[in-house]
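One structure below.
The values are calculated or read from the model by the stated rules, or taken from the named source; none is laboratory data. Quantities reported herein were computed from a predicted structural model and do not represent experimental measurements. All Cβ positions, glycine included, derive from the backbone under ideal geometry; neighbour counts span all protein chains shown. Ligands, DNA and RNA are stripped out before the accessible areas are found, and what is left, the full protein with its side chains, is counted by its heavy atoms. Shrake-Rupley method; radii C 1.70, N 1.55, O 1.52, S 1.80 Å.
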Amino acid sequence: MLKNETFNNFRCRSFFIEKELICQILVLFFKTSSSGWMSLTIDEGVSKLSREPCEPSLLDIKKIDDEFAYPVQDVKDLTCYIGKKILNTYEYRINKIEEGCIGVYFDCGDCGFSVLEVDGCLSIIHGVSDDLQNDISLIKL
């Protein structure tokens, strides 16, 4: 799944309470050349890649009149990966723990990026994270 496809677009769903940002990236959406729109979540040690039935519509926080808001916006930090081919996908896994996923790495050959779960939110790191302990391994999906 996703191998040899290219990235075409990136979006994310954020989370606000009373217009205050709680989580910049709750869900990462990306569009690929063959699979279309996909979503990535990482929660409680489990990563989930899912095909989206339709394009996640852009929605600005200013247009949401609710105490809890989940706007969708472009991810500008990842625009440099548009057009890049996905060679492999890996999970960051805590060794010897069945539900021990803390992130996903997308290998694009000469570059790539990691999506790591930190306190219930996702963060983006260009390349492979070097802040990880010895008990974490990259496992090819």
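Of note:
- Residue in the range 52-78 that is surrounded by the fewest Cβ atoms within 10 Å (Cβ to Cβ), counting only those that are among the charged types (D, E, K, R) and under 21 Å from SER33 (Cα atoms): LYS76
- Tally of residues being farther than 15 Å from THR41 by Cβ and under 12 Å from the mean Cα position of the chain (by Cα) across the range 81-105: 1
- Any hit, the range 22-43, residues being touching a residue at least 40 places away in the same chain (Cβ under 8 Å), open to solvent by less than 80 Å² (accessible area, probe 1.4 Å) and more than 20 Å from PHE10 (Cα to Cα): no
- Matching residues in the range 79-96 - criterion: being modelled with pLDDT of 95 or more, surrounded by fewer than 16 Cβ atoms within 10 Å (Cβ to Cβ), out of contact with any Ser or Thr (no Cβ under 9 Å at 6 or more places or on another chain) and not β-branched (Val, Ile, Thr): CYS80, LEU87
- Listed by position, the strands (runs of 3 or more DSSP E) inside the range 25-141 whose residues that are closer than 18 Å to LYS3 by Cα number at least 1 are 36-43, 46-51, 88-94, 101-107, 112-118, 136-140.
- Boolean, PHE106 is buried (at least 17 other Cβ atoms within 10 Å of the Cβ), on the phi < 0 side of the Ramachandran plot and touching a His at 6+ places or on another chain (Cβ under 8 Å): no
- Residue in the range 50-58 that is among the small types (Gly, Ala, Ser) and out of contact with any strand residue (DSSP E or B) (no Cβ under 8 Å at 6 or more places or on another chain) present: no
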